[in-house]
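*Asks:* Below is the structure I would like to discuss, written out as structure tokens.
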Amino acid sequence: MLCFEANLTEQEEKARDEMVYLFNPVLKFLLMNGNPTEFFKYGCNSCRQTAILGAGYLRNLLPSYNISVYEGSFIEKLNGEYVPYEHAFIVASKGDRNLVIDLSRTSKRLLFQETNANMVYPEIEDYDDVVKIGQERLDLDDLLNTDCPEYFTGWKPDKLMEIIKVMIDVLKAKPEEEQLKFCDSIYSKTTKLRR
């Protein structure tokens, strides 16, 4: 299963499904084809690109939510040892409701979960050994509108976002079976996750 079952509203479920089954596979496809050697050298990791572009795309799907991007410091037990790392993710907030959205993991199920304002990562299966020790909010608008090109594709974020939108529209016009086949093929090449 790609994503955890979560207590989401109907609008949030639709947003989650579009992000998990369309946006994320399209982004991974573009990054993978932009520079395959580098993309696979980095283990298909693209947390900053996924968080920044994902937050920009999510603004259209959840327009009444405040969408923010964070870069956090984490410690996780890997192969018996605790390993520190940096990781980017999205938080969507509306009133008292907070969702943590992490679509860039390659070996853990993806998060589109309700959480509280203080504990960003829920204590759930696959994330038992993940400890967030700090986070910094990034300026999403600056990152989306920068002239600095994305590393793997060499395209500026606004151009990459337009290409993502076009590809998603093309996929939406296809039968659901073809959409899921594309999704499965990308996740199988870039992650250990399976639908």
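*Asks:* Under 8 Å by Cβ, and 6 or more places apart or on different chains, what pairs join a residue from the stretch 95-106 that is open to solvent by 10 Å² or more (accessible area, probe 1.4 Å) with one that is outside any loop (DSSP other than H, G, I, E, B)?
*Replies:* R97/E114; N98/V91; N98/A92; N98/E114; N98/T115; R105/L111; T106/T190
*Asks:* Looking at the stretch 1-22, I want the residues that are at positive phi and have a partner that is in a helix (DSSP H, G or I) and surrounded by 17 or more Cβ atoms within 10 Å (Cβ to Cβ) with Cβ atoms under 7 Å, at least 6 apart or on another chain. Which pairs are those?
*Replies:* Partner pairs satisfying both residue conditions: none exist.
*Asks:* Here is a follow-up. Here are N60, N45: which of them is within 18 Å of T153 (Cβ to Cβ) and of a type outside the set (G, A, S)? If you could, list the steps in order and put the result at the bottom.
*Replies:* Numbers: N60 fails: within 18 Å of T153 (Cβ to Cβ).
The conditions single out N45.
*Asks:* Any residue at all in the stretch 41-58 that is in contact with a Gly (Cβ under 8 Å, 6 or more places away or on another chain) and either among the β-branched types (V, I, T) or surrounded by 12 or more Cβ atoms within 10 Å (Cβ to Cβ) (or both)?
*Replies:* Filtering the stretch 41-58 for residues in contact with a Gly (Cβ under 8 Å, 6 or more places away or on another chain) gives none.
No; the residues of the stretch 41-58 include none that is in contact with a Gly (Cβ under 8 Å, 6 or more places away or on another chain) and either among the β-branched types (V, I, T) or surrounded by 12 or more Cβ atoms within 10 Å (Cβ to Cβ) (or both).
*Asks:* Okay, next question. Do we have E114 as open to solvent by 70 Å² or more (accessible area, probe 1.4 Å), part of a strand (DSSP E or B) and within 21 Å of M19 (Cα to Cα) here?
*Replies:* Working: open to solvent by 70 Å² or more (accessible area, probe 1.4 Å): yes; part of a strand (DSSP E or B): yes; within 21 Å of M19 (Cα to Cα): yes.
Taking the combined requirement at face value, the residue satisfies it.
*Asks:* If I go through the stretch 136-164 residue by residue, how many of them are within 23 Å of P36 (Cβ to Cβ) and within 18 Å of the chain's Cα centre (by Cα)?
*Replies:* Taking the stretch 136-164 as the starting set, the residues that turn out to be within 23 Å of P36 (Cβ to Cβ) are 148-157, 159-164.
With the extra rule that they be within 18 Å of the chain's Cα centre (by Cα), the set shrinks to 150-153, 157, 160-164.
Matching residues across the stretch 136-164 total 10.
The values are calculated or read from the model by the stated rules, or taken from the named source; none is laboratory data. Computed from a prediction, not measured in an experiment: that's the story for all the values here. Cβ sites come from the backbone with ideal geometry, for glycine too, and all protein chains shown count toward neighbours. Ligands, DNA and RNA are excluded from the accessible area calculation, which covers all protein heavy atoms including side chains. Shrake-Rupley method; radii C 1.70, N 1.55, O 1.52, S 1.80 Å.
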